[in-house]
Amino acid sequence: MPPFRLARTVVLVGLMGAGKSSIGKRLAQRLHVPFVDADTEIEQAAGCTIDEIFERHGETAFRDGERRVIARLLTGSPPHVLATGGGAFMDPETRARIKATAVSIWLRADLDVLLRRVKKRNNRPLLKKGDPREILERLIATRYPVYAEADLVVDSLDGPHDQVVDAILTLIAPGEETEHA
Ligand code: S3P
């Protein structure tokens, strides 16, 4: 039996490599709700990978699709855990929708942690435009002040993901975000 019923969708925001998908999956399991990855939904809707969307149609088209897909997920689905791509919360419309309908959690990670994690895969178009360290540094400078608008902040440290999940649960479990079943 789940300990409580989630009242609102939990939206994970943060930079590439912050662990939104891997932590999100575990968090969803612990909350007994579905896990949804916005990037995967965008790829399914487009019928191709994010890399291909950037290549064929450009970043603006990707951002339009991202905004639409997240709007659909936030308005049309019962409470779930939603991992968003690193740029999603930067969009004012998406940010406002998240604030109105969900509880947002910024998974904050430092540069070295992000770098180590993103190096494992080569599927992020923004990091192919130059030196990943410099790009991530720039994104930290521009995005972290906006991510700070999220309802909650949890540090995504290098240890086991379950520690981060535990930290999230202690923040949301006793709060107004949940209703006791
Ligand atoms: C992006 C992050 C990616 C993906 C796209 C753009 C960004 O998602 O949405 O490549 O602007 O930071 P992850 O944060 O899940 O890697």
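The values are calculated or read from the model by the stated rules, or taken from the named source; none is laboratory data. All of these numbers come straight from a predicted model, not from anything done at the bench. Methodologically, a virtual Cβ is constructed for each residue, glycine included, from the backbone with ideal geometry; neighbour enumeration extends over all protein chains shown. For the accessible areas, the whole protein counts, side chains as well, though only heavy atoms, and no ligand, DNA or RNA atoms are used. Shrake-Rupley method; radii C 1.70, N 1.55, O 1.52, S 1.80 Å.
Tabulated results
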item: Dipole moment magnitude, nearest 20 debye, the chain about Cα centre, only Lys, Arg, Asp, Glu C-beta charged; result: 220
item: Rounded to 5, the percent of DSSP beta bridges in the chain classed as antiparallel; result: 10
item: Where the chain is the region considered: accessible area per residue in Å², 1.4 Å probe; result: 50
item: Straight-distance crosslink candidates among lysines, where the alpha carbon sits under 22 Å from Lys119 and sequence neighbours closer than 8 are dropped; result: Lys20, Lys25, Lys128, Lys129
item: Hz values of 3J(HN,Hα) by residue in the stretch 19-32 - Karplus curve (6.51, -1.76, 1.60), Gly and Pro given as x; result: x, 4, 6, 5, 6, x, 4, 5, 4, 4, 4, 5, 8, 6
item: Solvent-accessible area, 1.4 Å probe, carbon plus sulfur percent, for the stretch 122-173; result: 55
item: Relative contact order (%) - criterion: Cα under 8 Å, at least six apart; region: the stretch 49-152; result: 33
item: In range of the label at Val146: residues from the stretch 79-109 whose backbone nitrogen is under 12 Å from the point 7 Å along Cα→Cβ; result: 86-96
item: Most mobile listed residue (Lys99, Lys25, Lys120) in the chain, GNM with C-alpha springs under 10 Å; result: Lys120
item: Within the accessible area of the stretch 3-117 (1.4 Å probe), percent carbon and sulfur; result: 49
item: Percentage relative contact order, the chain, counting C-alpha pairs under 8 Å, at least six apart; result: 37
